[in-house]
Amino acid sequence: MSDTEIAIVLGTRPEIIKLAPVIRACESQDVQYTVIHTGQHYSEELDAVFFEQLELPEPDYNLGVGSNSHGVQTAEMLVGIEEILQDEEPETVLVQGDTNSVLAGAIATSKLDMELGHVEAGLRSFDRDMPEEINRVVTDHAADYLFAPTVDSADLIREEGIPEDRIYVTGNTVVDAVEQHREFAQEKSAILDELELVPSEFVLVTAHRAENVDDEDRFEEILDGIARVADRFDVDAVYPIHPRAENRLDEFDISVPDSIRLVEPQDYLDFLNLESNARLILTDSGGVQEEACILGVPCVTMRDNTERPETIDVGANTLAGAETDEIVDSAIEMDGAVCDWTNPFGDGEAGEQIITEVEQSETPKELEMTPQ
C-alpha cells in the first residue's frame, strides 16, 4: 500500500503555475503527495522549464502524451492516469482548471475508490462549443471537493444542484502564485532589457485559443486590431507566439503587421515581468485575465465570452470579441481605466486552505457511509 495521500494531475503551463502553491502547501503541511504530468503541453518552452524555474520537484510520472485529437489525447491520458492511481492508491486526487488533463484525471478518479478535488471549480463561459466548458462541467459534477475561487463561482455550481457540503470557497491559487513570484520575477528576469522594452511603453499580447487562431478570417481580424492598437498608442505590441498560433500563421500564410513583435514563448518569470510592466494586455487566455487583474494592469479580452466575469465586474477587463474596430475601441476604453480595483480572487492563501480542507474534512463519500 502506497503512503501517498494526494495525487496531483497536471499537464499544461497554467496548471503547473496554479498548482505550484498546492504542491508547496503539501510540503509545508508534511502531506505525502505524487505529481502525475500528462505531458499535454509537449513544448519545453511551455512546459518542463516551469518546474525548474518555480523550484518545484520534477513530476513523479510523465505520460508524455503530447498533441492529438481531443478524443485520442484524453483516452491516452485516461489509461495512463488510471494505471498510476491504481499503483499509488492515493486518498484524494486533485485536478485544476479545464484542460483534457483535468477531464482525464476526473474520469479516472471517479471510477476508483478515491476522492476527487477540483481546484478552480465553478467557472462557466456558458459556451458549450468550447471543449473547456464541457471539461469544467463534467469535472465539477464528478468531484467530491469543489474548490471555488469566488462566491459567484460557488453560486453557479449550487444552481446546478451540486450539494453544499462539496463546495468550498478558497480563493484562486493564481493569487498565491503571483504573490509568491512577482518580486522574484522583477529581481531575476532580464526580459525587458533583452527585448529593449521600457515599462508602460508596450502592449502585451497572447492569442492561442482554437476558436481564434484556427479561423483564418478571425485570426486576421485580431491581428489587425492588435496592430491598430499599437499604432494608436505609438508602441510595439509584444506577442510571445504560442506554437499553435505560429503553425496557423504559416498554414494560412498570414503576414504579421510590423507593429506586432513576435517573440519566443516566455518562461513564467519573464512572462510575469512582461505582464507587470505592460501598458495594456490583449489576450484570449483566462489565466492572463486573472493575472492582469491581480497585477493592476488593464486587460482587453479578445473573445465573445469569459469564465472570469469577476474581472469585468471590478473594472479590470472588458470583452472585445474578435472584430478589429471593437478591439481598438476596447483598448482605448481600458487604457483610460483607473487601476484601483479590488482583487476578487482571494488573499493568496488558497493553496494552504485547499490542502487543509482535504486533510481535515470528512468528505461527502465518507459522510454517506457514516451510520446515522
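The values are calculated or read from the model by the stated rules, or taken from the named source; none is laboratory data. Computed from a prediction, not measured in an experiment: that's the story for all the values here. Every residue, glycine among them, receives a Cβ derived from its backbone with ideal geometry; neighbour counts consider all protein chains shown.
Any residue at all in segment 193-205 that's farther than 26 Å from Leu94 by Cβ, among the small types (Gly, Ala, Ser) and either out of contact with any Leu (no Cβ under 8 Å at 6 or more places or on another chain) or surrounded by fewer than 14 Cβ atoms within 10 Å (Cβ to Cβ) (or both)? Looking through segment 193-205, at least one residue is farther than 26 Å from Leu94 by Cβ, among the small types (Gly, Ala, Ser) and either out of contact with any Leu (no Cβ under 8 Å at 6 or more places or on another chain) or surrounded by fewer than 14 Cβ atoms within 10 Å (Cβ to Cβ) (or both). Residues that are assigned to a helix (DSSP H, G or I) and surrounded by 13 or more Cβ atoms within 10 Å (Cβ to Cβ) within segment 52-61 comprise just one, Gln53.
A single member of Leu156, Leu112, Leu116 is outside the structural domain of Ile294 (by TED's automatic domain parsing), in contact with an Asp or Glu (Cβ under 6 Å, 6 or more places away or on another chain) and without any contact (Cβ under 8 Å) to a residue 60 or more places away in the chain, and it is Leu116.
All told, Ala230 falls short of being in contact with a helix residue (DSSP H, G or I) (Cβ under 6 Å, 6 or more places away or on another chain), touching a residue at least 24 places away in the same chain (Cβ under 8 Å) and outside the structural domain of Leu116 (by TED's automatic domain parsing). For Glu264, the criteria (1) within 25 Å of Phe51 (Cβ to Cβ); (2) crowded, with 18+ Cβ neighbours inside 10 Å; (3) touching a helix residue (DSSP H, G or I) at 6+ places or on another chain (Cβ under 7 Å) hold in every case but one, which is (2). Among the residues making up segment 241-276, those that are hydroxyl-bearing (Ser, Thr, Tyr) and within 16 Å of Ala292 (Cβ to Cβ) are Tyr268, Ser276. All told, Phe219 falls short of being touching a residue at least 60 places away in the same chain (Cβ under 8 Å) and among the aromatic types (Phe, Trp, Tyr). Listed by first and then second residue, the pairs with beta-carbon distance under 7 Å, at least 6 apart or on different chains, first residue in segment 273-296 and touching a residue at least 12 places away in the same chain (Cβ under 8 Å) and more than 19 Å from Gly336 (Cβ to Cβ), second of a type in the set (Phe, Trp, Tyr) and in a loop (DSSP other than H, G, I, E, B), are Glu290/Phe345; Ile294/Phe345.
Per-residue answers, yes or no, for (1) of a type in the set (Ser, Thr, Tyr); (2) surrounded by fewer than 18 Cβ atoms within 10 Å (Cβ to Cβ):
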| position | (1), (2) |
| --- | --- |
| Arg228 | no, no |
| Glu246 | no, yes |
| Ser255 | yes, yes |
| Ser259 | yes, no |
| Leu280 | no, no |
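The numbered conditions (1) crowded, with 21+ Cβ neighbours inside 10 Å; (2) without any contact (Cβ under 8 Å) to a residue 24 or more places away in the chain; (3) over 30 Å from Leu272 (Cβ atoms) are all true for Val79 except (1).
Could you check, for segment 165-183, whether at least one of its residues is without any contact (Cβ under 8 Å) to a residue 40 or more places away in the chain, over 20 Å from Ala20 (Cα atoms) and of a type in the set (A, V, I, L, M, F, W, C)? Checking segment 165-183: not a single residue is without any contact (Cβ under 8 Å) to a residue 40 or more places away in the chain, over 20 Å from Ala20 (Cα atoms) and of a type in the set (A, V, I, L, M, F, W, C). Residues in segment 227-261 that are β-branched (Val, Ile, Thr) and farther than 19 Å from Glu323 by Cβ: how many? The qualifying residues number 3.
Scanning segment 228-242 for residues that are more than 26 Å from the chain's Cα centre (by Cα) and over 21 Å from Leu272 (Cα atoms) turns up Arg228, Asp231, Arg232, Phe233, Asp234.
Quick one: is Ile23 closer than 23 Å to Pro149 by Cα, β-branched (Val, Ile, Thr) and crowded, with 20+ Cβ neighbours inside 10 Å?
yes
When segment 230-250 is filtered for residues that are part of a helix (DSSP H, G or I) and in contact with a strand residue (DSSP E or B) (Cβ under 6 Å, 6 or more places away or on another chain), only Ala230 remains. Kindly indicate whether any position in segment 168-175 is β-branched (Val, Ile, Thr), assigned to a strand (DSSP E or B) and either exposed (fewer than 14 other Cβ atoms within 10 Å of the Cβ) or at pLDDT 95 or above (or both). The answer is yes; a qualifying residue exists.
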